Every structure is written in C-alpha cells, then in structure tokens.
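The numbers here are math on the coordinates, done by the rules we state, and not lab data. Computed from a predicted model, the values in this text were never measured in an experiment. Methodologically, a virtual Cβ is constructed for each residue, glycine included, from the backbone with ideal geometry; neighbour enumeration extends over all protein chains shown.
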C-alpha cells in the first residue's frame, strides 16, 4: 500500500484494499474471527486504513474506517456470524420450542452438545451474538421478506 499510494487516488486505493486485503480477511471469518490471531489481522487492517488516508500511527481508526466506509474486523465478524445464523436457522432452536417457563425473551440455543470445541466455535458465538441483539434487529432477522438468502 505504501509503495502504490503516491501514484493512486483514494478511490483506487480502496479498490486495491478490497481486492487484496479485505477479500482474504473475510474468507472463513465466522470460523476464525474469535481466535487469538485475529488481533494481528485487525492491526494489519488499521495499518492499511492509516496508509490510505496518510495518517500517523497514533491516530484512532474508528472515524477513519467510517470515512472510508470500511467495516472493522469486529463489525465484519459480527455481520458474518449473523449471516451464518440466518443461512443455518434450522440448526438452532428457540426457548419457546424448549418451553422454558421463566424466560420472557426469545433466545436461541444450539442443538449441539457442550463440548469445548463447539462452544468456543461458530455455533456458540453466533447464538451469543444473536441473543444480545436488540429486538428490532431480531425482527429483521425473522422477516423472510427483508432477508432472503435462499
């Protein structure tokens, strides 16, 4: 990015970012997004954004990524988890189906066992993110007219 920045516009740098970095970063993101190595990828992403906008190393990337309309790694991870959940709705059951007496909000749970590997993986993370979403987002999640991924 540093070597091509002087010769390219910001729009062209964005194209290079999406084709060379973002596409690789997003490949399989729901499966590796909560690993300990994701912090290194996040640092690389922040570095690329700072290079694109010619900012110093100590500048916060929150506003910079919004300016470029680039989702941060964490935001992209949550989005990819939700898309995974939508595409695999049949793998999860709700508490209304379990008929729990004392729960008042509709929450999902995984149909899988509680082995360490699965509970740290995509199913547990997806259920946890879904259960923490506000109700108006969950309504969108359940409306097949808005989210048609078939």
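I need to check one value: relative contact order of the stretch 5-78, counting alpha carbon pairs closer than 8 Å and at least 6 residues apart, in percent.
It comes to 35 percent, rounded to a whole number.
Sorted from fewest to most neighbouring beta carbons within 10 Å, what does the list 57, 25 look like?
Taking fewest neighbouring Cβ atoms as first place, the list is 57, 25.
Specify whether the C-alpha gyration tensor of the stretch 22-69 places it in the rounded, prolate or oblate class, a ≥ b ≥ c being the square roots of the eigenvalues: rounded for a/c under 1.5, otherwise prolate if a/b is larger than b/c and oblate if not.
Prolate, since a/c reaches 1.5 and a/b exceeds b/c.
By counting other Cβ atoms within 10 Å of each Cβ, how are 86, 70 ranked from fewest to most?
Exposure proxy ranking, most exposed first: 86, 70.
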